[in-house]
Ligand SMILES: Nc1ncnc2c1ncn2[C@@H]1O[C@H](COP(=O)(O)OP(=O)(O)O)[C@@H](O)[C@H]1O
Ligand SMILES: [Mg+2]
């Protein structure tokens, strides 16, 4: 009977050690986030800010009196939106083209796509800075957007190509067979079928852009994005209003995650 | 009097037109070649497709059937040759400008559209009004016996149902030609038989020209008005199922369609429309013209046309030893072996008297039951590879 028990453990009930292990992982992952949230409600006004001295909404009110912080957040959103739209456009065209056509040097292009992904960001940052200096584009929003497009486009292509690998070109032939010209075929058949891939690629590009520090640091000029602003202020400890904005951002991203999990992208799960 | 004359004339001309229209050429292929790199996939194909016929492209996998179909659909451009529909050039038309529809082997139903939207797609592309589309979709759903399925999605249907929807989606456009690429390939045997009958029924009812691709000779024989037998890019033979089965013109066709016994022989004597054949193991007659003396030929004889004669038989015949009987429902297959080791299949209805295993008999056939074909070989008896005389001949010594 002991052997029976050993060879066929009850898989429906979690083991105590397993449970503890899982809990500690989640603690490790979520404790820092919890601390940020907690500190955003911390009434402590003097350094070190970390000691908790009562509950307050003060930082949230103060946050809206801090135009520099708010405008940095605005910049981050602007750069993220612009670079996402551009990289999704470029990435979609590239992925669809690479899926559809056989051409010389395709595998080389495939391999080259990995370089911006694996290259240390600091090197990519320096390279971009050199290029911008070379063609004398003044550093600012434009260079930030271009740089973010440069590093997020390969990710969009990867996401879409994974999605497209299961995509049968016969659907497009069927559409044309039924009288749809090329534009209608793309609009009614290709686009709806690859849209989930485009959306997840876009989401990835957006999140990559929103928290980028290293590359942005090289090419921002005088424009401050939110992560850069935080980096700047951190020299004197994490300011409580930064915690407040972080908490709001957390709320926003959690909302997006919940939304996507609860069926906005259901068609992706279906096929 | 005059009225009646007119009526009769009208009726007569109508009948005449009906008879004539059966032979009206719709699609014309002339000298079509298709190459992928150095690989020539379709070779000098000449073919007339008649209006309203059920034409089948039959051949083994890789012989170029799909490629031919895709050239007619417009997904591939021929490397050379001409293709017309109703006398108009077809090659330079885009697939979406051709009034030709395809039933894809994978069905290719749009997964993000309901069944209704799938079927309506072609009509929408023609800018038909919504109010006109609805009755058409419902009518075609009725034809394929899936009334009420419009609201479902492709993944909610069984394989057989999806197949019907694929047919409906193509047929609703009332195409000049419907192309079907092994449409029943993914179905199980029972469903396939049922769909064969239904497809034929739809084709007759609608009078639409069907070009059907299959590698299943039985399917081709039961469904088609005419069959194109293809082999490695060549058109081997074009004819009615009867002609293809009864009068195969090449060794390939004889062996690919149905079961047959193939013998190599030389022409020993040429008479008016009969030849005397010299086999390795005997002499026999067959019908045939344009053969030369001493030419190497193949003789193909269907198992049901082979006859048993007793061992002291006087007609031209071949001695053989009965090896075994195989009972398959209402028929019996009998295997006999010639002295050179070649096995011969003989088919009888069960219940008919049969020689027993190990009995020595004389096989023969009526001259009109053998199909004699020119051989492209220049050495004789290349057919028999493993000569194994077996124990039976030792016993009979
Ligand atoms: N797009 C293509 N590129 C290269 N070779 C092809 C292509 N399509 C078909 N072929 C080749 O052409 C030959 C005939 O193919 P196909 O027409 O699909 O045959 P079938 O439908 O009779 O099985 C095959 O040898 C196949 O490998
Ligand atoms: Mg094929």
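The values are calculated or read from the model by the stated rules, or taken from the named source; none is laboratory data. Since this is a predicted model, take the numbers as computed values, not measurements. Using ideal geometry, Cβ is built from the backbone for each residue, glycine included, and neighbour counts are taken over all protein chains shown.
Checked against (1) within 16 Å of ligand 1 (Cβ to nearest atom); (2) over 18 Å from the mean Cα position of the chain (by Cα); (3) assigned to a loop (DSSP other than H, G, I, E, B), residue B:61 passes all but condition (2).
Have a look at B:110, B:104 and point out the one that is touching a helix residue (DSSP H, G or I) at 6+ places or on another chain (Cβ under 7 Å), away from ligand 2 (no atom under 16 Å from the Cβ) and within 11 Å of another protein chain (Cβ to nearest Cβ).
Values: B:104 fails: away from ligand 2 (no atom under 16 Å from the Cβ).
Within the list B:110, B:104, the selection yields B:110.
Residues that are at the interface with another protein chain (Cβ under 10 Å from one of its Cβ atoms) and touching a helix residue (DSSP H, G or I) at 6+ places or on another chain (Cβ under 6 Å) within the range A:139-171 comprise just one, A:171. Does residue B:296 qualify as being surrounded by 17 or more Cβ atoms within 10 Å (Cβ to Cβ) and at pLDDT 90 or above? No. Residues in the range B:68-85 that are in contact with a strand residue (DSSP E or B) (Cβ under 8 Å, 6 or more places away or on another chain), within 14 Å of another protein chain (Cβ to nearest Cβ) and near ligand 1 (Cβ under 8 Å from one of its atoms): B:69, B:76. The criterion of at least 2 residues that are in contact with a helix residue (DSSP H, G or I) (Cβ under 6 Å, 6 or more places away or on another chain) and at pLDDT below 85 is met by the following helices (runs of 4 or more DSSP H) wholly inside the range A:1-90: A:16-40, A:58-63. Of all the listed residues (B:23, B:51), the sole one being at pLDDT below 95, more than 16 Å from ligand 1 (Cβ to nearest atom), loosely packed, with under 15 Cβ neighbours inside 10 Å and under 16 Å from residue B:210 (Cα atoms) is B:23. When residue B:263 is tested against (1) buried (at least 22 other Cβ atoms within 10 Å of the Cβ); (2) at pLDDT below 95; (3) touching a helix residue (DSSP H, G or I) at 6+ places or on another chain (Cβ under 9 Å), only condition (3) is not met. Residues in the range B:327-342: is at least one touching a strand residue (DSSP E or B) at 6+ places or on another chain (Cβ under 7 Å), surrounded by fewer than 14 Cβ atoms within 10 Å (Cβ to Cβ) and at pLDDT 85 or above? Yes: the range B:327-342 contains one or more residues that are touching a strand residue (DSSP E or B) at 6+ places or on another chain (Cβ under 7 Å), surrounded by fewer than 14 Cβ atoms within 10 Å (Cβ to Cβ) and at pLDDT 85 or above. Please specify each residue of the range A:24-77 satisfying the condition of being loosely packed, with under 10 Cβ neighbours inside 10 Å and under 14 Å from residue A:242 (Cα atoms). The answer is A:65, A:67.
Scanning the range B:58-68 for residues that are under 20 Å from residue B:90 (Cα atoms) and within 9 Å of ligand 2 (Cβ to nearest atom) returns B:64, B:65, B:66, B:67. Of the helices (runs of 4 or more DSSP H) lying entirely inside the range B:102-210, not one carries at least 2 residues that are modelled with pLDDT of 95 or more, more than 16 Å from ligand 1 (Cβ to nearest atom) and under 21 Å from the mean Cα position of the chain (by Cα). When A:123, A:145, A:157 are checked against the criterion of being under 24 Å from residue A:186 (Cβ atoms) and in a helix (DSSP H, G or I), A:157 stands alone in meeting it. Answer yes or no: is there a residue in the range B:190-211 that is surrounded by 17 or more Cβ atoms within 10 Å (Cβ to Cβ) and within 16 Å of ligand 2 (Cβ to nearest atom). Within the range B:190-211, one or more residues are surrounded by 17 or more Cβ atoms within 10 Å (Cβ to Cβ) and within 16 Å of ligand 2 (Cβ to nearest atom). Every listed requirement among (1) free of Cβ contacts under 8 Å to residues at least 60 places away in the same chain; (2) more than 9 Å from chain A (Cβ to nearest Cβ) is met by residue B:59 save one, (1). Between B:225, B:242, the distinction of being away from chain A (no Cβ under 14 Å), more than 16 Å from ligand 2 (Cβ to nearest atom) and closer than 22 Å to residue B:27 by Cβ belongs to B:225 only. Considered as a group, the residues in the range A:172-187 that are assigned to a helix (DSSP H, G or I) and over 19 Å from residue B:178 (Cβ atoms) include one that is nearest to the other protein chains (Cβ to nearest Cβ), and that residue is A:184. Sub-7 Å Cβ pairs linking a first residue in the range A:165-181 that is touching a residue at least 24 places away in the same chain (Cβ under 8 Å) to a second residue that is crowded, with 19+ Cβ neighbours inside 10 Å and part of a helix (DSSP H, G or I), at least 6 apart or interchain, are A:167/A:193; A:167/A:194, ordered by first then second residue.
When the range B:115-132 is filtered for residues that are within 13 Å of chain A (Cβ to nearest Cβ) and touching a helix residue (DSSP H, G or I) at 6+ places or on another chain (Cβ under 9 Å), the ones remaining, listed by number, are B:117, B:118, B:119, B:120, B:121, B:122, B:123, B:124, B:125, B:128. Every test in (1) within 16 Å of ligand 2 (Cβ to nearest atom); (2) modelled with pLDDT under 95; (3) touching a strand residue (DSSP E or B) at 6+ places or on another chain (Cβ under 7 Å) is passed by residue B:36 save one, and that test is (3). Among the conditions (1) part of a loop (DSSP other than H, G, I, E, B); (2) at pLDDT 90 or above, the only one that residue A:205 does not satisfy is (1).
Of the residues A:195, A:203, the single one that is surrounded by fewer than 19 Cβ atoms within 10 Å (Cβ to Cβ), in contact (Cβ under 8 Å) with a residue 12 or more places away in the chain and away from chain B (no Cβ under 14 Å) is A:203.
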